[in-house]
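Written out below as structure tokens is the structure these notes cover.
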Amino acid sequence: PPPPPPPLPQLGIAGRTGCGKSTLMLAMYRLVEPCAGRIVLDGIDVASIGLFDLRSRLALVPQDPVIFTGTIRSNLDPFGTAGADDQRLWDALAQSGLERAVRGMPAGLDSGVSEGGGSLSQGQRQLLALARALLRHTRVLVLDEATSNVDTATDSMVQGTIARAFASCTVLTIAHRLHTIMRSDAILVLDAGRVAEFGTPGDLMRQPGSAFRGLVTETEQGGKVGA
């Protein structure tokens, strides 16, 4: 058999509140169109393909995931891609760290979920969104601080899952807690909507006047650099 494809870049995106992190994500999904320049993902100009084709190739785990009225099953697999194979759903829940909680619900996968996910904790809603992304097998994963509301142990487990399950994907992590991007292949630092820095975490940390180094130092001193 042919060798597996090499790991694709994991890119961390950092910057202070209002620097343009969320706008960049909106532009990737073409919810806003750029006035100039191009956005190229995996060698494809996102403006050159239809919206359905573009968005079906991206998986997003946002800070505040959308949860619909229905069941765990319908929220996990809204388009029925898993068919009757419940094991795929359980595997995704296990990888995301949500399996134990769902198995403890009265109806398991068919347990009811209220609109907005009111019956789930904020952390559980984020883990459900991660499990949904795991099922889609897309080439590009966008994480808008997917573990900002989970405990440290769950955060560590989820970071490991992302590293393993999405090793052959392009992973873009919009960082609010900077430790989540310290193992990225490269880091993009935004300032006032422009690229302030780009480089590996090690290179940026070694530069005395680095904006990224300043953000890390401020975080270690208890400051808040982005939300």
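The table below lists the values:
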read-out: For region 10-220: relative contact order, % (alpha-carbon pairs under 8 angstrom, 6 or more apart); value: 31 percent
read-out: Antiparallel DSSP beta bridges within the chain, as percent of all bridges there, nearest 5; value: 35 percent
read-out: Nearest-0.05 FRET efficiency for Met105 and Arg194, computed from C-beta distance (R0 41 Å); value: 0.30
read-out: Gain upon complete extension [Gln87, Leu26; 0.36 nm per residue less C-alpha separation]; value: 18.6 nm
read-out: Packing rank of 116-127, 27-38, where each peptide gets the mean count of other beta carbons within 10 Å, highest leading; value: 116-127, 27-38
read-out: Euclidean distance of C-alpha centroids, region 163-222 and region 39-70, integer Å; value: 22 Å
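Here, each number is a calculation from the coordinates, and none is a lab measurement. All figures in this text were calculated on a predicted structure; none of them were measured in a lab. Every residue, glycine among them, receives a Cβ derived from its backbone with ideal geometry; neighbour counts consider all protein chains shown.
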